[in-house]
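FYI, it's all coordinate maths here, none of it is from the lab. Quick caveat, the model's predicted, so the values are computed rather than measured. Virtual Cβ from ideal backbone geometry, glycine too; neighbours counted across all protein chains shown.
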Number of protein chains: 2
Amino acid sequence: MRAVDLIRRKRDGHILGADEITAFVQGATSRSWPDYQLAAMLMAILLRGMNAEETAVLTRAMVFSGETLDWGDLAPRAVGKHSTGGVGDKLSLILTPLAAACGAVVPKMSGRGLGHTGGTLDKLESIPGFRIGLSVDEAREVLKRIGCFMIGQTKTIAPADKILYALRDVTATVESVPLISASIMSKKLAEGVGGLVLDVKVGDGAFMKTADDARTLARMMIAIGKSQGVRTEAVLTAMEQPLGRACGNAVEVAECIEVLRGGGPSDVRELSLDFAARLVMLAGFDNARQRVEAALVGGQGLETFRRMIEAQGGDPRVVDDPTRLPLATSRHIIRAERAGIFQGWKAEAVGRAIVRLGGGRDRAEDAVDHAVGAVVLARPGERVKTGDGLLELLFRHEPRLGAALEVLVKYLAPKSGDIVDTRKTGLAWTTIFNKRVFLLPHHGEMGICRPGKRGMRILLARRWSNRRRR
Amino acid sequence: MRAVDLIRRKRDGHILGADEITAFVQGATSRSWPDYQLAAMLMAILLRGMNAEETAVLTRAMVFSGETLDWGDLAPRAVGKHSTGGVGDKLSLILTPLAAACGAVVPKMSGRGLGHTGGTLDKLESIPGFRIGLSVDEAREVLKRIGCFMIGQTKTIAPADKILYALRDVTATVESVPLISASIMSKKLAEGVGGLVLDVKVGDGAFMKTADDARTLARMMIAIGKSQGVRTEAVLTAMEQPLGRACGNAVEVAECIEVLRGGGPSDVRELSLDFAARLVMLAGFDNARQRVEAALVGGQGLETFRRMIEAQGGDPRVVDDPTRLPLATSRHIIRAERAGIFQGWKAEAVGRAIVRLGGGRDRAEDAVDHAVGAVVLARPGERVKTGDGLLELLFRHEPRLGAALEVLVKYLAPKSGDIVDTRKTGLAWTTIFNKRVFLLPHHGEMGICRPGKRGMRILLARRWSNRRRR
């Protein structure tokens with residue numbers, strides 16, 4: 001079976017057989033297909049698509065390109081969760097110990113953040129001493145004792161995915177539902193879980209921009225899970241606004257502790273309870289929701305989190321004293337300069353601002369500063385008074401704060417020439433770099449406005465002054 | 001301008017700007033774009049297409065990736081011809097000296113054969129001593145003295161095309177009208193001609209299978225030529241059947257000499273006259289057709305061919321005595337075993353059989369045996385008697401003859417189960433490897449038949465006996 005013939009078949013829109021897809025994955029893993037043939041095939045798959053059966057075969061071939069884990073007598077209760085990624089998405093840190101406290105077994109393997117979305121591993125590493133690189137044997141021991149662990153993917157898990165993902169990143173072949181599904185599911189299926197809950201984020205700040213796209217991805221992943229005998233559920237959750245208040249690394253861990261203590265933002269609390277309950281249910285328990293709520297109220301979730309941190313070498317005292325987390329002490333608050341209804345922050349803008357502060361990465365090899373981040377001070381739809389805080393930026397270096405403010409406005413700026421009738425909307429506004437910025441009524445976007453006859457004309461700012469208003 | 005962003009734009013169906021396309025071609029030429037990004041872009045171009053303007057820009061960027069030739073005071077009369085390739089297509093060898101004999105200047109650069117189609121360079125090299133590798137200065141001198149030369153493309157011509165073509169070949173990105181057009185035209189435009197005639201072959205034996213596809217390719221190439229100020233004409237010619245009678249290398253040169261002597265098959269003669277006249281007309285002469293006919297009848301075409309061979313180091317005596325060409329002496333004739341109407345030979349089948357005989361190449365690095373080939377003995381629609389020759393194979397080694405016969409039948413075999421009502425068609429048939437093979441009435445295909453109620457049921461032969469019938 002020649003590579004060029006398989007590429008031609010997919011290019012021409014044919015459905016590939018199991019032997020053909022397996023040849024492609026084995027070619028990638030063994031490096032017998034050169035990168036240029038893999039790249040051509042990936043582009044053909046992106047543009048021609050793959051049906052559910054092809055995608056299931058692709059996933060299976062990727063799973064078996066490496067090691068598959070087996071948790072022995074824990075396996076029947078072993079469940080997993082995966083999020084497609086968002087801003088402020090810290091749910092895994094809460095629901096993993098919470099579900100484990102209720103009897104589920106949660107061998108959680110996570111990834112790092114890239115672009116505007118954060119990653120669980122980076123958040124965990126903000127806990128002093130926390131080791132995300134346990135060996136499989138160490139992890140198994142923690143799992144037996146505590147019911148959960150949270151580590152990075154081992155090198156032996158789905159190596160074909162690592163090779164293909166690196167290539168997709170540089171060949172503009174990331175945005176393909178079959179390829180995304182196979183990439184996610186191959187890793188989760190290799191982790192040896194019998195049940196899986198998928199959090200498919202949808203909205204401007206997510207990978208999937210529309211509910212239709214998110215639903216397509218969810219359906220594809222559910223079909224793959226089922227084809228491999230793994231009970232799979234998917235929940236579509238909104239990612240227009242950051243999830244919760246805290247966005248960053250250490251600051252998100254602090255919010256997780258707050259939630260596990262029974263407090264925290266209602267959206268984070270509600271989603272954590274819901275996802276944890278699904279995991280507990282998939283692990284075979286009745287009355288999952290009640291169990292999870294009891295574990296939250298009774299503090300067993302927090303206690304499991306503490307024990308897991310300790311078992312993985314981290315400082316468990318952060319659970320009682322979150323100030324032990326490395327939090328930046330320099331803070332800049334963006335405040336409302338006119339009272340009104342606050343429309344909320346666009347998630348991607350906040351995520352990109354955090355990257356500029358040093359709290360995220362544009363390239364996989366970049367280092368991350370766990371101490372910086374952002375805290376959303378006003379929620380969408382809230383009525384704010386003049387002087388009320390809208391967003392607090394935790395920063396370490398002044399020039400990075402400047403870059404973050406710049407990116408905030410850049411990402412929020414609507415098209416030049418758009419008109420907003422501010423007489424009707426009664427929006428709150430603020431000023432960044434001497435530019436008045438509004439949150440638009442319809443899109444939740446921020447605009448730079450100039451008074452005009454019919455209201456405010458939005459201008460696309462091309463250059464920014466270096467002067468900052470504090 | 002990041003490669004991945006340009007790939008994404010084409011992937012999403014956008015029209016690329018001149019700076020973007022130039023960045024792609026420069027990235028290929030300088031090797032600053034790795035092959036996997038070039039491959040992804042090529043697949044995106046193949047599947048998303050390029051409009052006429054993008055293709056013109058692509059061509060121009062490929063032209064200027066290398067040297068462009070200038071023939072000085074000969075330039076106003078310098079004209080070129082290109083064929084998209086076929087079986088038995090020896091027109092260049094005839095029309096180049098013929099047009100030059102009429103005053104046109106024909107600096108002809110050609111390629112080698114690949115797959116079932118032959119190449120002008122291979123045919124020329126069957127002339128003992130003939131050098132296709134003249135330097136530009138040597139070529140210029142021959143052009144001044146004789147009015148034409150026939151050489152291979154120099155390394156300095158359109159290097160971007162060489163890099164992209166090699167990659168297209170192994171990534172299933174050959175069959176794209178914009179990429180084919182840019183590849184052909186970049187080489188022809190770099191050759192410094194002011195007029196260009198394109199022979200776009202159409203049919204089963206050609207790259208373009210339908211007249212619509214061929215017309216699309218022709219229009220695209222004409223638009224590119226015009227955008228560069230080169231008068232460009234295209235002629236669509238049929239490539240269902242081999243062109244003329246001789247197919248191979250030395251055997252085709254012999255047929256060319258026959259035509260230049262005023263004989264030869266009528267199709268080769270007619271097309272040679274037509275194309276030569278177009279070249280002469282584009283070179284600025286009136287009454288081109290009369291001039292060309294006179295040069296053929298008067299022997300000036302043959303004389304120019306002889307002088308060109310001599311100037312390029314070849315043995316000019318082949319013109320008077322074609323037996324000086326290296327022609328294989330072992331011959332096998334396929335004969336009609338039942339009288340009837342002969343439907344003709346499928347060009348691709350004959351081309352593939354010649355490759356098996358050693359007269360063509362499957363891979364660019366394969367060597368070619370100039371002595372072998374095939375001669376079509378019966379023309380389509382001809383009434384043949386039992387025992388009449390249908391095809392003569394010139395071979396050197398018996399096992400290669402076996403392989404050629406095998407491929408002939410394989411390529412001609414229609415789908416298993418097709419029914420041909422031989423009571424109506426009165427087709428001639430023959431036997432290869434003990435299998436009775438017919439030429440089908442509708443598609444000009446050859447079938448293996450077994451008598452049945454309604455006529456003959458065509459069987460797809462799966463295994464062939466090693467016994468040969470001579």
Karplus-derived HN-Hα couplings along the range B:199-216 (A = 6.51, B = -1.76, C = 1.60, θ = phi - 60°), whole Hz, x at Gly and Pro: 9, 8, 6, 9, x, 3, x, 10, 5, 8, 7, 10, 4, 4, 4, 5, 5, 4
Which distance in Å, rounded to a whole number, links the C-alpha centroids of the range A:317-353 and the range A:81-106? 22
Positive end of the dipole of the protein assembly as shown, charges at C-beta (+1 Lys, Arg; -1 Asp, Glu), about the Cα centre: which of B:PHE395, B:ALA214, B:THR59 has its Cα farthest in that direction? B:ALA214
Give the distance, in whole Å, between the Cα centre of the range A:112-167 and the Cα centre of the range B:9-53. 37
Karplus (6.51, -1.76, 1.60) ³J(HN,Hα), θ = phi - 60°, over the range B:257-273, in Hz, Gly and Pro reported as x: 4, 4, 5, 5, 8, x, x, x, x, 5, 5, 5, 4, 5, 5, 4, 4
If we count other beta carbons within 10 Å of each Cβ, what is the order of B:ILE334, A:ILE45, fewest first? B:ILE334, A:ILE45
Total charge dipole magnitude, the protein assembly as shown, about the Cα centre, Cβ charges on Lys, Arg, Asp, Glu only, Debye to nearest 20: 1220
I need A:ARG2, B:ARG306, A:ARG215 ordered by Cβ neighbour count within 10 Å, fewest first. A:ARG2, A:ARG215, B:ARG306
Whole number please: convex hull volume per residue of the Cα set in the protein assembly as shown, in Å³? 219
Run down the aspartates and glutamates and flag those whose C-alpha is under 19 Å from the C-alpha of B:LYS385, throwing out any fewer than 8 positions away in its chain. B:GLU337
For B:LEU391, what residues show an amide H to amide H distance below 5 Å, using hydrogens built from the backbone and excluding near sequence neighbours? B:ILE334, B:LEU377
Once normalised by the length of chain B, the mean sequence separation of its alpha carbon contacts under 8 Å that are 6 or more apart gives a contact order in percent of 16
Quick check: Cα centre of the range B:213-247 to Cα centre of the range B:250-289, how many Å? 17
Only helical DSSP H runs with n ≥ 4 go in: add -39500 (n - 2.57) per run for the protein assembly as shown, normalise by residue count and round the 222 nm mean residue ellipticity to 500 deg cm²/dmol. -13000 deg cm²/dmol
Rounded to the nearest 10 degrees, the helix A:136-146 long axis (Cα) sits at an angle to the longest Cα principal axis of chain A of 70
Hey, which of these cross-link pairs are over 24 Å Cα-Cα: A:LYS10/B:LYS10; B:LYS108/B:LYS209; A:LYS123/A:LYS155; A:LYS155/A:LYS201; A:LYS162/A:LYS346; A:LYS10/B:LYS346? B:LYS108/B:LYS209; A:LYS155/A:LYS201; A:LYS162/A:LYS346; A:LYS10/B:LYS346
In the range B:166-267, what is the volume of the convex hull around the alpha carbon atoms, normalised per residue and reported in Å³? 138
Along Cα→Cβ at 7 Å, what distances in nm separate the B:GLU382 label point from those on the other copies, shortest first? 9.2
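Go through the range A:247-333 and name the chymotrypsin sites (Phe, Trp or Tyr not before Pro) that are in a DSSP coil and have 16 or fewer other Cβ atoms within 10 Å of their Cβ. Walk me through the numbers on the way to the answer.
Numbers: sites: A:PHE275, A:PHE285, A:PHE305; in loops: A:PHE285.
Hits after loop and neighbour filter: nothing returned.
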Using only alpha carbons, build the gyration tensor for the range A:281-393 and give me the equivalent ellipsoid semi-axes, biggest first, whole Å. 32, 23, 16
Spelling out what I want: for every residue of the range A:46-60, take phi, set θ = phi - 60°, compute 6.51 cos²θ - 1.76 cosθ + 1.60 (Karplus), and round to whole Hz; glycine and proline get x. 4, 7, 9, x, 9, 7, 4, 5, 4, 5, 5, 5, 4, 4, 4
What are the nm distances, shortest first, from A:SER30 to its equivalents in the other copies, labels at 7 Å along Cα→Cβ? 3.8
A:ALA367 label points, 7 Å along Cα→Cβ, one per copy: pairwise distances from this copy to the rest in nm, shortest first? 6.1
Under 5 Å between amide hydrogens, which residues at least 5 positions from B:GLY85 or on another chain qualify, with H placed 1.01 Å from N in the peptide plane? B:LYS201
Please name which of B:LEU327, A:LEU327, A:ILE21 has its Cα lying farthest along the dipole of the protein assembly as shown towards the positive end, using unit charges on Cβ (Lys, Arg +1; Asp, Glu -1) and the Cα centre as origin. A:ILE21
Need one word for the range A:120-190: rounded, prolate or oblate. Basis is the Cα gyration tensor (sqrt eigenvalues a ≥ b ≥ c); a/c below 1.5 gives rounded, then a/b vs b/c decides. prolate
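For chain B, what mean projected area does the convex hull of the alpha carbons give, in nm²?
On the way: hull surface 90.8 nm².
That works out to 22.7 nm², a quarter of the Cα hull's surface.
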Options A:LEU164, A:LEU271, A:SER135, ranked by Cα towards positive dipole end of the range A:114-272, top entry (Cβ charges): A:SER135
Built amide H within the under 5 Å cut-off of B:GLY314, gap 5+: B:ARG131
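Translational diffusion coefficient, Stokes-Einstein: compute it for the range A:278-338 using the Kirkwood radius over C-alpha pairs as Rh, at 37 °C and 0.692 mPa s, and state it as an integer in µm² s⁻¹.
Roughly 222 µm²/s, to the nearest whole number.
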